[in-house]
Amino acid sequence: AGAAPLARPAASAAPAPDHVDLVAIFPQGPGRDLVLNNCQNCPTFVPIVVLQMDAHAWKRNSVDHRPRIPNVSDADFAVIYEYLPQHFNPERPVPELPRELLETWTSY
């Protein structure tokens, strides 16, 4: 009758990464800040760095993604799509990302 209720374990959510080094993931160069400031409309930037697409695939991607950032000028949009294939392509290694960040991307 006087028993204390059993303690329930706290719900465990996937821990957030302590620190994500955007400088290591997104190399300096023209377009970097445009990518970081405008390509976050999607839930995560993980596909940008994991897919490592070739120039043709990035071109196709640009057509699909142009409507997603209408506030970016055509000139700045062109700079974004010069930066992406230069730094995220099959010849470059995939940047190391924390597991928790990789789990934020389910499909593309």
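The values are calculated or read from the model by the stated rules, or taken from the named source; none is laboratory data. In this text, all values refer to a predicted model and were calculated from it rather than measured experimentally. Virtual Cβ from ideal backbone geometry, glycine too; neighbours counted across all protein chains shown. Heads up: the accessible areas ignore ligands, DNA and RNA and are worked out on the full protein's heavy atoms, side chains in. Shrake-Rupley method; radii C 1.70, N 1.55, O 1.52, S 1.80 Å.
Quick notes on this structure:
- Flag for Pro30 being modelled with pLDDT of 85 or more, at negative phi and either surrounded by fewer than 13 Cβ atoms within 10 Å (Cβ to Cβ) or in contact with a Leu (Cβ under 7 Å, 6 or more places away or on another chain) (or both): yes
- Taking the criterion of being touching a Phe, Trp or Tyr at 6+ places or on another chain (Cβ under 6 Å) and farther than 26 Å from His19 by Cβ, the only residue of region 82-108 that qualifies is Pro85.
- Residue, most open to solvent (accessible area, probe 1.4 Å), within region 38-91, restricted to residues that are acidic (Asp, Glu) and not in a helix (DSSP H, G or I): Glu91
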